[in-house]
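What follows is a set of notes on a single structure, which appears directly below.
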Amino acid sequence: MKKVCIVSVVGARPNFMKIAPVLRELSKHNRFQSCLLHTGQHYDESMSRVFFRDLGMPNPDFNLDVGSASHAVQTAEIMKGFEQVCDRVRPDLVIVAGDVNSTLACSLTAAKLQILVAHIEAGLRSFDRSMPEEINRIVTDSVSDLLFTTEESGNRNLRREGIAEEKIYFAGNTMIDSLVFCHRMLDEIPLDGLLSCITQCPYFIATIHRPSNVDNLEKLSEVLQILQSASQLAAVLFVTHPRTRDRLQRLGTVNNLTELDGNLQNIQSGFIYLVPPLPYMEFLGLLSRCKGVLTDSGGIQEETTFLNIPCLTLRENTERPITVELGSNEIVGLDKKKIASGLSCIITDRWKKGTTPPLWDGRAAERIVKTLMNAFGAE
Ligand code: UD1
């Protein structure tokens, strides 16, 4: 029987954790010829290559090297490059994940070439079209043939948008597959980087990179005030995306904000420590030991829910409502009162205790590949 040719797409940091378990699972089956394409949307060592290492991913078979640009240019460059790869490889299926520009560009390209598209993490909606990711989600889902959802709200959203029931598969969360896979290894491997000298000092982790929070310098100042008040309760490790780093430089000097000197030994409350983007394992290690998280990331809302770590989401909405309904997440925007009361609950161990959402069990990729076997006929 001819092998089913599958091209899986990664481009930006959150894609790597979502695709790695699927690649691992695909490699177990002779039925599939699996290739990996990297669009190059993220290209810094710390935003891309280290994740391949930590997640045990193969080197990409294709790299489009598109780099950074405006949304239109970046999306168009990916589409142009991906069309050429599809013409050459003629895949039977393209797998995309999440909601970044690479997801949108490659799903659209494949659909126009009449190649089947599978979308991992389908159906999430923030109902906020000012987020570029929301547009990416809606368009990608509307052109996908197999839609793998992570939570019940995703199934409901897709049905409401008229997606046929037989295209929707509630598979669970492949990002949690990666977390389960790597978290286990944390106890087994020698720890390096920041984890080699773990501190007894309690700390919060902050990650803030959404355009809505950092592009406007007034908003960014508000965020920093919030982090300053958090730092009065526990040291704040502010893990910064290149975008945030750039905007902070424009802001100039900020009180009690200092670079971490590569060592956690001397951290203390009263300070916000700037930390560069971290490798996956190092971030997980720090996350599992922190008091709580202040974030505007999508994925971290899920990871904290799985690890049952208090999470304050500095946004007005979430496309992942299960993390609030069942998990340890609360949506607080930049509301200083809500945040102060949340932080005080966290530091005195009175934060709500969450439960793990259905099918976040480390086996989502297994279910996804089983579905693909059924769709294409087993070996
Ligand atoms: C992208 C995703 C976002 C995701 C985030 C995770 C879209 C629309 N957004 O946002 O959903 O949460 O990734 O990190 O796809 N840059 C570097 N080095 C890199 C990559 C980017 O310095 O390796 C800088 C560049 O200045 C670039 C800026 O970061 O212009 C933004 O990068 P871009 O890929 O456009 O979007 P993100 O903000 O990273």
Helices (runs of 4 or more DSSP H) enclosed by the stretch 1-95 - at least 1 residues per element that are free of Cβ contacts under 8 Å to residues at least 12 places away in the same chain: 49-54, 71-89
Among what's in the stretch 165-192 and is in a loop (DSSP other than H, G, I, E, B) and in contact with a helix residue (DSSP H, G or I) (Cβ under 9 Å, 6 or more places away or on another chain), pick the residue that is farthest from residue 288 (Cα to Cα). 171
Might you check whether a residue that is open to solvent by less than 10 Å² (accessible area, probe 1.4 Å), among the β-branched types (Val, Ile, Thr) and touching a helix residue (DSSP H, G or I) at 6+ places or on another chain (Cβ under 6 Å) occurs anywhere in the stretch 47-68? no
Going through the stretch 242-262 one residue at a time, which ones are of a type outside the set (A, V, I, L, M, F, W, C), under 25 Å from the mean Cα position of the chain (by Cα), surrounded by fewer than 21 Cβ atoms within 10 Å (Cβ to Cβ) and closer than 22 Å to residue 282 by Cα? 242, 243, 245, 259, 262
Within the stretch 84-101, can you find the residues that are within 16 Å of the ligand (Cβ to nearest atom), open to solvent by 10 Å² or more (accessible area, probe 1.4 Å) and among the hydrophobic types (A, V, I, L, M, F, W, C)? 100
Taking the condition at pLDDT 95 or above and either more than 14 Å from the ligand (Cβ to nearest atom) or of a type in the set (Asp, Glu) (or both), does residue 104 pass? no
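With the requirement that a residue be surrounded by 18 or more Cβ atoms within 10 Å (Cβ to Cβ) and over 23 Å from residue 151 (Cα atoms), what does the stretch 307-346 give you?
Quick first cut of the stretch 307-346, residues surrounded by 18 or more Cβ atoms within 10 Å (Cβ to Cβ) only: 307, 309-315, 318-324, 327-332, 339, 342-343, 346.
Listed by number, the residues that qualify are 339, 342, 343, 346.
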Just to verify a result, which residue in the stretch 19-46, among those that are under 19 Å from residue 102 (Cα atoms), open to solvent by 10 Å² or more (accessible area, probe 1.4 Å) and more than 12 Å from the ligand (Cβ to nearest atom), is nearest to the chain's Cα centre (by Cα)? 23
Across the stretch 1-18, the tally of residues that are in contact with a His (Cβ under 6 Å, 6 or more places away or on another chain) and either away from the ligand (no atom under 16 Å from the Cβ) or open to solvent by 10 Å² or more (accessible area, probe 1.4 Å) (or both) stands at 1
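Restricting the stretch 193-241 to residues that are in a strand (DSSP E or B) and either more than 16 Å from the ligand (Cβ to nearest atom) or at positive phi (or both), which is surrounded by the most Cβ atoms within 10 Å (Cβ to Cβ)?
Selected residue: 236.
Out of all the residues in the stretch 347-366, which are open to solvent by 20 Å² or more (accessible area, probe 1.4 Å) and either more than 26 Å from residue 127 (Cβ to Cβ) or in a helix (DSSP H, G or I) (or both)? Break it down stepwise before answering.
To start, the set of residues in the stretch 347-366 that are open to solvent by 20 Å² or more (accessible area, probe 1.4 Å) comprises 347-353, 355-356, 358-359, 361-363, 366.
Within the stretch 347-366, 347, 348, 349, 350, 351, 353, 361, 362, 363, 366 qualify.
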Restrict the check to the stretch 289-300 and report whether at least one residue is open to solvent by 20 Å² or more (accessible area, probe 1.4 Å) and either over 22 Å from residue 215 (Cβ atoms) or charged (D, E, K, R) (or both). yes
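The values are calculated or read from the model by the stated rules, or taken from the named source; none is laboratory data. Only a predicted model underlies this, so the values are computations on that prediction, with no experimental measurement involved. Neighbour counts run over all protein chains shown; Cβ positions are idealised from the backbone, glycine included. We work out accessible area using only protein heavy atoms, side chains counted, and drop any ligands, DNA or RNA first. Shrake-Rupley method; radii C 1.70, N 1.55, O 1.52, S 1.80 Å.
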